Structure formats: structure tokens, C-alpha cells
Amino acid sequence: MSLIDLILHDDTNDAAWRSEGRCVDGAATMTGLFFSEDLYDIARAKAICAKCPMTTECLDHAVRIGEPWGVWGGELIMNGKILANKRGRGRPPKIPRPELIVDEVPVPPYLLPSKREQHELVKTA
């Protein structure tokens, strides 16, 4: 079975986790963040995953289908292998730098839905 068949015809009935992940916003606006080469973006993606209830399912899926790269389930995958951290460009420093840890960027209050909009969303769902 090819990789495309595995992705399109996932017969493990675990597709429900995909819609419940914190990275899913319906518009794929965070795709660049989760597949970035920038160390700061990778740290931000890991921070989003750290608060997600679907990290185990996400990482299991990525490993099972042989995902080549990106942040999946809070782990960085490069060339199909899970890496502890990514080294920056250039010569490695003599004294190792501490791991870059960033907290998830909060959503500004003016972008949050109002109480009225939240109520309308609940009614239509």
C-alpha cells in the first residue's frame, strides 16, 4: 500500500482526533508554523502541542505513515526520525545553547469571539 493510500484510506478509525487537535482552525493558517525550519517557529508549534489532548494520536499517526518532517504530537520529525532538538545553521557552538522554549502566543482579546458570537456558534453546531 502506498503512502497516499495510507493517508486517504485510514482504516484505523482514528480520524476523529484530527478535528480535535489544537492546531486545527479550519483554514490551515498554522501549517507554516508546524512545517517551518525556523527554531522559534518550531518552539511555538511545540508549545501549542504541549496543551493539546491529541498529542499521542498525532505522533502515532505521523510515525505510522512515515511522515518525513514537521512538528507532530509535540515532537520534531526530520527525515522520518524524531529529533530531540534542531540545531541552528552554521558551526555548532563550543558551549551548547539551552533549548529554546517559548510559551504559546496568546490570542489577542480583539480576535476572540464575543459572547454573542460564541452563543451563535453553539446554536449552529
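The packing ranking, built from the mean of other Cβ atoms within 10 Å per residue, places the peptides 87-94, 53-60, 29-36 in the order 53-60, 29-36, 87-94, highest first. Taken along the Cα-to-beta-carbon direction at a fixed 7 Å, the label points for residue 69 and residue 19 span 3.2 nm.
When the alpha carbon gyration tensor of segment 30-87 is reduced to an equivalent ellipsoid, the three semi-axes, largest first, read 16, 14, 9 Å.
Distance between the pseudo-spin-label points of residue 60 and residue 31 (7 Å out from Cα toward the beta carbon): 2.6 nm.
Any read-out appearing in this document is the output of simple, stated calculations on the displayed coordinates, not a laboratory observation. Here the structure is a predicted model, which means the values were calculated and not measured. We place every Cβ from the backbone using ideal geometry, glycine too, and count neighbours over all the protein chains shown.
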